[in-house]
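A quick write-up on the structure given underneath.
The values are calculated or read from the model by the stated rules, or taken from the named source; none is laboratory data. The model shown is predicted, which means the values in this text are computed figures rather than measured ones. Every residue, glycine among them, receives a Cβ derived from its backbone with ideal geometry; neighbour counts consider all protein chains shown.
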Amino acid sequence: MDSFDNSISDSQGTVVTPVDPGKFDITQYREYEQSLLENNKCFWRASDGIAVYRRFRAPEVFSYGCRDMAASLAKQLGGLAESIKYKADIANFLEPWYGIGTIASAFGVDYHWPEGQAPAIIPPFKTVKEALDRELIPIEETGIGKHTLNMIEYFLDKTKGKIPVSPTDTQSALNAASFLLSTDNFFMEMIANPEGMQELLKKIMFLNISFTQKQNTLIGDALVLPGHGFASSRVFKGLGMSSDVISMISTDFYRKFEAPCLEKTGENFGGAVFHSCGNWANKISGVKSVKNLVIVDGAFSYETDPDPNPCQPFAEQFRDTGVVVNARMVGNADTVIEKVKALWRPGIKLIVVTYCKTPAEQLKVYNRIQQITQGN
């Protein structure tokens, strides 16, 4: 198959067997993760190179299952236990995922829970002014914020603080604003009230910074960055932020509204880390305008995303920049190898994110990638 399968709930998901925390081998996984850190350091410091990450994403964790932190942990531990069998350079980690309504909760908005689905936010405001007039609640005092922090504490307690943990899914300021305003008004307000929109984005930005700092402090020595959908490590830097709205605005609007917030937020966490679903190749110049950009993420196969990115613009425009391209590639060994060949050239810093179905297929891909980097 080389197309997007819309019959499954999570194209990047892996079905795993849940593991009770009491039966999870913490020492084994800790030793496995630690054995990879020196190579992680070398990759992070290098000007180019390839690292391989076999991502284990249990679908229920990023859907209705996030409501039950015990079930979420058991699923994620199942993924970690299985991941050791797959040859890779970067370890998997635990994430206290609880939907993408973190910022909205500060505006007094709670989740809407459709049956069997991930939690959703119903936009409460028609105008930016309405949002600016709302008295903000510190995220850690909201139901969503409390649940996220409690989940972190639960994960740390059950794993004795020895297993890597990331902060929760962080949305960029503009993405978060799009959850607060109805879609039609959200876009119109950027034109009709640009100053108000910029003021709202700054408020969101400071909420993001504050709550992420609280999470990171709580996680402590177990912290891995940049978090969520990115290959993450204790020795990597930057905060991952989802900026999917980029596909619906001009590059000029991205530079005006989003880039300054991404950059300012990143200053607090060692750099800005960008994600968008879909094909955002024509917005690369806008993303590169973020001065402290350290990682970008994209989908590069049809099984990952129905509108994947072309390889050439990323290979050319991120060459010799030091910015890591976190390239997600759902597909068989031939698909992954084809995409790596198209992306790789000296000067590129690339993380190949695979979803190989068996350890044997993963080993084949891993070994072939090493040959490609050596010019074979």
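Can you tell me which of 131, 81, 70 is surrounded by fewer than 16 Cβ atoms within 10 Å (Cβ to Cβ) and among the aliphatic types (A, V, I, L, M)?
70
Would you call residue 247 farther than 26 Å from residue 96 by Cα and either touching an Asp or Glu at 6+ places or on another chain (Cβ under 7 Å) or modelled with pLDDT under 95 (or both)?
yes
Please go through (1) within 20 Å of residue 207 (Cα to Cα); (2) in contact with a helix residue (DSSP H, G or I) (Cβ under 7 Å, 6 or more places away or on another chain) for residue 108 and return the number of the only condition it doesn't satisfy.
(2)
Which residues, taken from region 151-194, are surrounded by 20 or more Cβ atoms within 10 Å (Cβ to Cβ) and basic (Lys, Arg)?
158
State whether one or more residues within region 157-178 are closer than 20 Å to residue 234 by Cα, out of contact with any Asp or Glu (no Cβ under 8 Å at 6 or more places or on another chain) and part of a helix (DSSP H, G or I).
yes
Going by the conditions given, is residue 31 charged (D, E, K, R) and free of Cβ contacts under 8 Å to residues at least 40 places away in the same chain?
Details: charged (D, E, K, R): yes; free of Cβ contacts under 8 Å to residues at least 40 places away in the same chain: yes.
Spelling it out, residue 31 is indeed charged (D, E, K, R) and free of Cβ contacts under 8 Å to residues at least 40 places away in the same chain.
Looking at region 323-344, which of the residues that are within 14 Å of residue 51 (Cα to Cα) and not in a helix (DSSP H, G or I) is farthest from the chain's Cα centre (by Cα)?
By that ranking, first place goes to 344.
Hey, any hits in region 118-141 for a residue that's within 17 Å of residue 12 (Cα to Cα) and either among the small types (Gly, Ala, Ser) or over 19 Å from the mean Cα position of the chain (by Cα) (or both)?
There is at least one residue in region 118-141 that is within 17 Å of residue 12 (Cα to Cα) and either among the small types (Gly, Ala, Ser) or over 19 Å from the mean Cα position of the chain (by Cα) (or both).
Look at region 99-135 and say how many of its residues are in contact with a Phe, Trp or Tyr (Cβ under 9 Å, 6 or more places away or on another chain), part of a loop (DSSP other than H, G, I, E, B) and touching a residue at least 60 places away in the same chain (Cβ under 8 Å).
Within region 99-135, residues that are in contact with a Phe, Trp or Tyr (Cβ under 9 Å, 6 or more places away or on another chain), part of a loop (DSSP other than H, G, I, E, B) and touching a residue at least 60 places away in the same chain (Cβ under 8 Å) number 6.
Which of the residues spanning region 64-73 are touching a Pro at 6+ places or on another chain (Cβ under 9 Å) and of a type outside the set (Phe, Trp, Tyr)?
If the condition is that a residue be touching a Pro at 6+ places or on another chain (Cβ under 9 Å) and of a type outside the set (Phe, Trp, Tyr), then 65, 66, 67, 69, 70, 71, 72, 73 are the ones that fit.
Inside region 293-316, can you point out the residues that are without any contact (Cβ under 8 Å) to a residue 40 or more places away in the chain and surrounded by 17 or more Cβ atoms within 10 Å (Cβ to Cβ)?
If the condition is that a residue be without any contact (Cβ under 8 Å) to a residue 40 or more places away in the chain and surrounded by 17 or more Cβ atoms within 10 Å (Cβ to Cβ), then 293, 296, 298, 299, 308, 309, 311, 314, 315 are the ones that fit.
Working only within region 243-256, note down all residues that are buried (at least 22 other Cβ atoms within 10 Å of the Cβ) and not aliphatic (A, V, I, L, M). Steps first, answer last, please.
At the first step, the residues of region 243-256 found to be buried (at least 22 other Cβ atoms within 10 Å of the Cβ) are 243, 245-246, 254.
Within region 243-256, 243, 254 qualify.
Among the candidates 230, 253, 257, 300, which residue alone is of a type outside the set (Lys, Arg) and under 15 Å from the mean Cα position of the chain (by Cα)?
The unique qualifying residue is 230.
Hey, could you check region 44-100 for residues that are among the β-branched types (Val, Ile, Thr) and under 20 Å from the mean Cα position of the chain (by Cα) and say which is nearest to residue 294 (Cα to Cα)?
Applying the filter and picking the extreme gives 50.
Among the listed residues 206, 257, 211, 230, identify the single one that is assigned to a loop (DSSP other than H, G, I, E, B) and modelled with pLDDT of 95 or more.
The unique qualifying residue is 230.
Hey, does region 261-279 have a residue that's of a type in the set (Phe, Trp, Tyr) and either buried (at least 24 other Cβ atoms within 10 Å of the Cβ) or at pLDDT below 95 (or both)? Spell out the reasoning first.
First pass over region 261-279, keeping only residues of a type in the set (Phe, Trp, Tyr): 269, 274.
Applying the additional criterion that residues be either buried (at least 24 other Cβ atoms within 10 Å of the Cβ) or at pLDDT below 95 (or both) yields 269, 274.
Scanning region 261-279, I find at least one residue that is of a type in the set (Phe, Trp, Tyr) and either buried (at least 24 other Cβ atoms within 10 Å of the Cβ) or at pLDDT below 95 (or both), so the answer is yes.
Among the residues of region 339-360 satisfying the criterion of being of a type in the set (D, E, K, R) and buried (at least 16 other Cβ atoms within 10 Å of the Cβ), which is farthest from residue 85 (Cα to Cα)?
Step by step, filter region 339-360, then rank; the result is 349.
When you scan region 179-187, do you find a residue that is small (Gly, Ala, Ser) and either within 28 Å of residue 24 (Cα to Cα) or in contact with an Asp or Glu (Cβ under 7 Å, 6 or more places away or on another chain) (or both), even just one?
No, the conditions are met nowhere in region 179-187.
Any chance you could count how many residues in region 346-361 are of a type in the set (D, E, K, R) and either under 20 Å from residue 287 (Cβ atoms) or part of a strand (DSSP E or B) (or both)? Write out each step before concluding.
Of all residues in region 346-361, those of a type in the set (D, E, K, R) come to 349, 357, 361.
Adding the requirement that they be either under 20 Å from residue 287 (Cβ atoms) or part of a strand (DSSP E or B) (or both) leaves 349.
Of the residues in that region, 1 qualify.
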